[in-house]
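The values are calculated or read from the model by the stated rules, or taken from the named source; none is laboratory data. This is a predicted model, so every value here is computed, not measured. When we count neighbours, we look across all protein chains shown, and the Cβ atoms used for this are built from the backbone with ideal geometry, even at glycine. These area figures cover heavy atoms from the full protein model, side chains too; ligands, DNA and RNA do not enter into them. Shrake-Rupley method; radii C 1.70, N 1.55, O 1.52, S 1.80 Å.
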Amino acid sequence: MATAKYIEDFRDGPRARALADALLGEMEGTSGTCRFMEVCGTHTMAAFRFGIRSLLPANLKLLSGPGCPVCVTPTSYIDTALECARGEKVIVATFGDMLRVPGTESSLVLERARGADVRVMYSPMDALELAGREPESRVVFLGVGFETTAPAVAAAVVEARRRGLGNFFVHCAHKLIPPAMRAIVESGEVSLDGFLCPAHVSAIIGADAYRFLAQEHSLSCVVAGFETLDMLAGILMLVRQRKRGEASVENAYSRVVRPEGNRAALSLLEEVFEPGDAEWRGLGKIPGSGLHLSEKYRAFDAAEEFELEAAPSQEPQGCLCGEILRGVAEPPDCPLFDKTCTPENPIGACMVSSEGTCAAFYRYAER
Ligand code: SF4
């Protein structure tokens, strides 16, 4: 009950209306359109679900960014995960969202229908326990996601080493958000006034992690939570910075996010992973944007165990997921949107994931 009450406080209608009115007031008489990118897929979903987009002034635009972990996982990774799933006595353990993401020729759900052992997990620790219970099989956990999910995977790997489990592996595609934000800005493809920075990722890396965007690129950054009042307050702070001609990092989610982040989680990441290049759907290879298992934990790396190498993969024909993840296209721009591509029959990753921009537009946007 206490939790429900706490959440309701951040969805309070009259206070939301007051924030929306303040936004309208700030934007009145402002020249040009204000463009902010909400980096995180959960912000995208929340902006639709809570009707926040409908409260925004016409000259303020929210663009979706690359913060949906399933969406940015490239087809080449799905193909290698499928290769694992086809192995003898292999269990692929994964979060549910990954099942229907199309690879070049198949998906995990199709492979499961053909007899592969693919199981949905709620946490990496569940996959570790599964490996303990089924010592005859090799269990491969699909490690996708950002700084938010990577610490739990790191903890599972440390525990696997402590228990001496030789049949637990991680197929690692963890990614870091700040290098992707840098890549988007430096590509010059999309013009932005600032970023609504992700809530959960920021809880781990801290608000200070975005300082380079303000200092090097004069972009405003505000960390915001996912509730209605959090998001509206964050957007209002961004608008006020723009009006003052400032670019700084502010924190509208200080009840959770500290400037320095979560030191315990960060040191766990440092213990288990080392940064390296990573391939992103739509953004290509971004230097230093991935987390790879460090030498000490290499024995748990599925890529080594299964000698996985990314073969040339193919994106679904006509799909604009890449452009959408870079903020240069919106789902209705895709010729497949709401025609051949729907949540029941997703052609691309952005329609599969619960945090995907296409799924959000499909469910909530007026059309
Ligand atoms: S509508 Fe479907 S095919 Fe088009 S970009 Fe979105 S996910 Fe890809």
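Answer yes or no as to whether ALA203 is farther than 20 Å from MET27 by Cα and in contact with a Cys (Cβ under 9 Å, 6 or more places away or on another chain). Full working, then the answer.
On the way: farther than 20 Å from MET27 by Cα: yes; in contact with a Cys (Cβ under 9 Å, 6 or more places away or on another chain): no.
When the stated conditions are applied, ALA203 does not pass them.
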Scope the range 333-361; condition more than 8 Å from the ligand (Cβ to nearest atom), in contact with a helix residue (DSSP H, G or I) (Cβ under 7 Å, 6 or more places away or on another chain) and open to solvent by 60 Å² or more (accessible area, probe 1.4 Å); matching residues: SER354
Filter result for SER294 (within 16 Å of the ligand (Cβ to nearest atom), among the polar types (S, T, N, Q) and either more than 30 Å from THR30 (Cβ to Cβ) or surrounded by fewer than 19 Cβ atoms within 10 Å (Cβ to Cβ) (or both)): no
Residue satisfying condition, being modelled with pLDDT of 95 or more, among the aliphatic types (A, V, I, L, M), under 21 Å from the mean Cα position of the chain (by Cα) and surrounded by fewer than 23 Cβ atoms within 10 Å (Cβ to Cβ), within set ALA199, ALA214, ALA183, ALA150: ALA183
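Please tell me if GLU274 is closer than 30 Å to GLY166 by Cα, free of Cβ contacts under 8 Å to residues at least 12 places away in the same chain and more than 16 Å from the ligand (Cβ to nearest atom).
On the way: closer than 30 Å to GLY166 by Cα: yes; free of Cβ contacts under 8 Å to residues at least 12 places away in the same chain: no; more than 16 Å from the ligand (Cβ to nearest atom): yes.
Taking the combined requirement at face value, the residue does not satisfy it.
When you check PHE300 against the structure, is it closer than 30 Å to SER267 by Cα, more than 9 Å from the ligand (Cβ to nearest atom), open to solvent by 20 Å² or more (accessible area, probe 1.4 Å) and not aliphatic (A, V, I, L, M), yes or no? Show your work before the answer.
Details: closer than 30 Å to SER267 by Cα: yes; more than 9 Å from the ligand (Cβ to nearest atom): yes; open to solvent by 20 Å² or more (accessible area, probe 1.4 Å): no; not aliphatic (A, V, I, L, M): yes.
Against the criterion (closer than 30 Å to SER267 by Cα, more than 9 Å from the ligand (Cβ to nearest atom), open to solvent by 20 Å² or more (accessible area, probe 1.4 Å) and not aliphatic (A, V, I, L, M)), PHE300 does not qualify.
Looking only at the range 168-180, how many residues end up being assigned to a helix (DSSP H, G or I) and buried (at least 21 other Cβ atoms within 10 Å of the Cβ)? Walk me through how you get there before you give the answer.
Step one: list which residues in the range 168-180 are assigned to a helix (DSSP H, G or I), which gives 177-180.
Imposing the further condition that a residue be buried (at least 21 other Cβ atoms within 10 Å of the Cβ) reduces the set to 177, 180.
Qualifying residue count, the range 168-180: 2.
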Qualifying positions in the range 217-256 - more than 22 Å from the chain's Cα centre (by Cα), over 17 Å from ILE52 (Cα atoms) and either touching a residue at least 60 places away in the same chain (Cβ under 8 Å) or not in a helix (DSSP H, G or I) (or both): SER218, ARG240, ARG242, LYS243, GLY245, GLU246, ALA247, SER248
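This table checks each residue for (1) out of contact with any helix residue (DSSP H, G or I) (no Cβ under 8 Å at 6 or more places or on another chain); (2) in contact (Cβ under 8 Å) with a residue 24 or more places away in the chain; (3) surrounded by 17 or more Cβ atoms within 10 Å (Cβ to Cβ).
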| residue | (1), (2), (3) |
| --- | --- |
| MET27 | no, yes, yes |
| HIS43 | no, yes, yes |
| ALA58 | yes, no, no |
| SER64 | no, yes, yes |
| CYS68 | no, yes, yes |
| TYR77 | yes, yes, yes |
| ARG86 | no, yes, no |
| VAL92 | no, yes, yes |
Filtered residue count, the range 315-332, keeping only those that are within 8 Å of the ligand (Cβ to nearest atom) and open to solvent by 50 Å² or more (accessible area, probe 1.4 Å): 1
